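These notes concern the structure reproduced below.
The values are calculated or read from the model by the stated rules, or taken from the named source; none is laboratory data. Not measured: the values here are computed from a predicted model. With ideal geometry, Cβ positions are generated from the backbone for all residues, glycine too; neighbour counts draw on all protein chains shown. For accessibility, only protein heavy atoms count, side chains too; no ligands or nucleic acids. Shrake-Rupley method; radii C 1.70, N 1.55, O 1.52, S 1.80 Å.
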Amino acid sequence: MGFDLRQVVAGILTLTMFVMLIHMIKRDHFDSVQDNKFPGSTDDVTYENVKMDTTHVRKNIGLWKGDTDELKQCWVKPSGDEVEQTDGFVTFSLTNGPEYHLSQIADAVIVARNLGASLVIPDIRGSQPGDKRNFEDIYDVDVFMKSMEGVVKVVKDLPSHVTTKKIAAVKVPNRVTEDYIARHVEPIYRSKGNVRLATYFPSINMRKSGKKGDTDSIACLAMYGSLELQPEIHDLVDSMVERLRTLSRKSDGQFIAVDLRVEMLNKKGCQGNDDNDGEKTCFNAQEIAVFLRKIGIDKDTTIYLTQSRWDDSLDSLKDLFPKTYTKESIMPADKKTKFLDSKDSELENVIDFYISTESDVFVPAISGLLYANVAGKRIGSGKTQILVPAVISDSSASASSFLSPYISKKNHFAYSCYC
């Protein structure tokens, strides 16, 4: 009996395809098991005592479900007709980073308005001697001047006839009151004709005041309606945020920003590591890693750190969360020379601050003014996912238990400004 060669070839091909199909099914099956079997696997040697709930945070507490509705501004811009304009000037500098700038600008505007004085556009000074730049190097000067129309008169420079000898230096506490200005600033201003302000911070207090008035409205405008980044820096921040979202495909483009700066952890304020209530106020990388895993954050979550350059002490965080980045790894190459390689801490701080206001979740590893003023900016834009870390004794906990009191109690000053 003869064989049809075509039938033989067809039989061989059919058998071969069948074997290949079985192999593909087996491979896909086990690959999927391997991918899903250990969604939160960690190094059991390094964290052998940490038993973690590996439920993805989106399924656990809905942390990624989206921002709350953006609030509307409640403040009413005061009229310039209410203040008698005088001939003097108020000068000041923005110092210590953007978290201080918001408060400093608010105090200066309040003082200038109460005195009826002209406000001189401030310069910006860094932590190092001689580290000085113009306001417009970081902020949009036109936006600032326009926002102040009808509130205070703003000038770019002192007139030539006003010398430094004619300017009296005055210190004012953050969130300065009308009473303080009347008692301690106005007499000096009337005597000298001009004052140079320096804001000091007796405490970090960004809680709502008990009563509303013009001072609160002016502070709201100054803090949340007057400072915008100049275009180049604004575009850089946007590009870095977009890069972080691109790296976060497994979490639908969402990422966490953690304010963790190694140099701050080594400073005196973090050495005691407890506040007046005995609560821990500073957390290192390993403590943050354990906290995030215990509240159910998935190992594939993208994390941005405010630390400028990688430090070996951060390795313990990257061990649990491999997609952990600092500025140096996500900044566009053509921007590094100007914004990173120059070691200009002021520009780096600005980038960190504004990325922290844009992240889907913010975690302050260090309690302080950056946490407080980032929270204020986030409240205004509806980004209220702010988790304050803590030492968790149990194997797991709900992230909602660690929502910032600024949010859960709605006691941040920003809630006086938005509704």
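At 7 Å along Cα-to-Cβ for each site, give me the label-to-label distance between Lys146 and Ser400 in nm. For the pair Lys146/Ser400, the computed spacing is 4.2 nm.
Percent relative contact order of region 231-417, based on C-alpha pairs within less than 8 angstrom and at least six residues apart?
Working: 267 pairs, mean separation 47.9, N = 187.
Normalised by residue count, the contact order of region 231-417 is 26 percent.
The slack between Glu70 and Gln85, meaning 0.36 nm per residue of separation minus the straight C-alpha distance, is 1.8 nm.
In summary, region 304-366 shows an alpha-carbon radius of gyration equal to 1.13 times the 2.2 N^0.38 Å reference for compact globular proteins.
Do any of Lys72/Lys280; Lys165/Lys208; Lys294/Lys383 go past 32 Å between their Cα atoms, and which?
Numbers: Lys72/Lys280 34 Å; Lys165/Lys208 38 Å; Lys294/Lys383 23 Å.
The answer is Lys72/Lys280; Lys165/Lys208.
I'd like the FRET efficiency for Lys77 and Thr163, computed as 1/(1 + (r/R0)^6) with the beta carbon distance as r and R0 of 41 Å, rounded to 0.05.
0.75
Largest first, what is the accessible-area ranking of Arg183, Arg125 with a 1.4 Å probe? List each step's numbers first, then the result.
Values: Arg183 160, Arg125 90 Å².
Correct descending sequence by accessible area is Arg183, Arg125.
Residues Arg293, Arg243 ordered from highest to lowest accessible area at a 1.4 Å probe: Arg243, Arg293.
Kindly state, to the nearest 0.05, the FRET efficiency for Asp123 paired with Ser393, given R0 = 35 Å and r defined as their beta-carbon distance. Walk me through the numbers before you get to the answer.
Values: r = 49 Å, r/R0 = 1.40.
Given R0 = 35 Å and the Cβ-Cβ separation, E is 0.10.
Note: region 154-213, Cα convex hull, 124 Å³ per residue.
Solvent-accessible surface (1.4 Å probe) assigned to Asp341 amounts to roughly 90 Å².
Think of region 231-417 as having a plus end and a minus end, set by charges on the Cβ of Lys, Arg, Asp and Glu; of Ser308, Phe291, Leu369, Phe291 sits farthest toward the positive end of this dipole.
Scattering from region 231-417 was approximated by placing one identical point on each alpha carbon and applying the Debye formula without solvent; log10 I(q)/I(0) at 0.09, 0.13 1/Å stands at -0.31, -0.66.
For region 89-225, take the convex hull of the Cα atoms, compute a quarter of its surface area, and give me that in nm², please.
On the way: hull surface 34.0 nm².
Orientation-averaged projected area of the Cα hull: 8.5 nm².
For region 89-225, averaging the sequence separation of C-alpha pairs within contact (under 8 Å, six or more residues apart) and dividing by the residue count gives a relative contact order of 33 percent.
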